[in-house]
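Report on the structure given below.
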Amino acid sequence: MDHPALCTAPHPALRAVARPVEAFAEEVRRLAHDLIETMYAHDGIGLAAPQIGRDVQVFVANPSQRRGSELVVVNPVLRGSRGRASVTEGCLSLPSIWARVRRASAVRLEGWDLAGKPLVVEAEGLLAIVLQHECDHLQGRLFIDRLPWLQRRRVEARLRDTAACA
Ligand code: NI
């Protein structure tokens, strides 16, 4: 395997609030590379550092799944959100669970790129959903947290049987 293992729920790494990156060093570029490789290895369209057991605010996203067009965001903050969307989501850390999640339909994301330059992304459509989903990961939040109470209880009961960093 040429990429790090994926943490699946209820792994505790998925519930920690990630630390901000303080130095844009080689280590962060390696982490981004690891995230990209792991995302593709599992056919994902986004992946956040806690999902490979790394407690830092970095995620990658690529709804097109086209190599080379990955978005890497360090220390992201969602500044503005507009509209409403309800899209069926999944998560590499919650295999076999899919559910419709209510989110904003458009967002403005601010953060930093790998070189330490400010980055602003105005997104709508699928990218807006992915950005919100990945920002949630950095706060220790999973998409199932956003489901109505009863639906969430059912999903959590199914999850109780599985715990692994596969
Ligand atoms: Ni996810």
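The values are calculated or read from the model by the stated rules, or taken from the named source; none is laboratory data. These numbers were taken from a predicted model, which means no experiment stands behind them. Neighbour counts run over all protein chains shown; Cβ positions are idealised from the backbone, glycine included. The accessibility values were calculated without ligands, DNA or RNA, using every heavy atom of the protein model including side chains. Shrake-Rupley method; radii C 1.70, N 1.55, O 1.52, S 1.80 Å.
Count, please, the residues in segment 117-153 that happen to be on the phi > 0 side of the Ramachandran plot and of a type in the set (Phe, Trp, Tyr).
Counting residues in segment 117-153 that are on the phi > 0 side of the Ramachandran plot and of a type in the set (Phe, Trp, Tyr) gives 0.
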Discussion item. Between a residue in segment 140-155 that is closer than 15 Å to ARG102 by Cβ and any residue that is buried (at least 17 other Cβ atoms within 10 Å of the Cβ) and of a type in the set (Phe, Trp, Tyr), which pairs come within a Cβ distance under 8 Å, given they are 6 or more apart or on different chains?
Written reply: none
Item to complete: Would you check which residues across segment 79-111 are touching a Leu at 6+ places or on another chain (Cβ under 8 Å) and within 29 Å of ARG158 (Cβ to Cβ) and list them?
Response: VAL87, CYS91, LEU92, SER93, LEU94, ILE97, ALA99, VAL101
Item to complete: Could you check GLN57 against (1) under 16 Å from GLY140 (Cα atoms); (2) within 14 Å of the ligand (Cβ to nearest atom) and say which number it fails?
Response: (2)
Fill in: Test set (1) closer than 24 Å to VAL155 by Cβ; (2) away from the ligand (no atom under 13 Å from the Cβ); (3) open to solvent by 40 Å² or more (accessible area, probe 1.4 Å); (4) at pLDDT 95 or above - ILE45 fails condition number
(2)
Response to the item:
Every listed condition ((1) under 21 Å from PRO50 (Cα atoms); (2) surrounded by fewer than 16 Cβ atoms within 10 Å (Cβ to Cβ); (3) within 16 Å of the ligand (Cβ to nearest atom); (4) not hydrophobic (A, V, I, L, M, F, W, C)) holds for ASP113 save (3)
Response to the item:
Here the residues within segment 74-109 that are farther than 25 Å from ASP55 by Cα, open to solvent by less than 20 Å² (accessible area, probe 1.4 Å) and away from the ligand (no atom under 16 Å from the Cβ) are ALA104, ALA106
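Report, by residue number, each residue of segment 91-110 that is without any contact (Cβ under 8 Å) to a residue 40 or more places away in the chain and in contact with a helix residue (DSSP H, G or I) (Cβ under 9 Å, 6 or more places away or on another chain).
SER96, ALA104, SER105, ALA106, VAL107, LEU109
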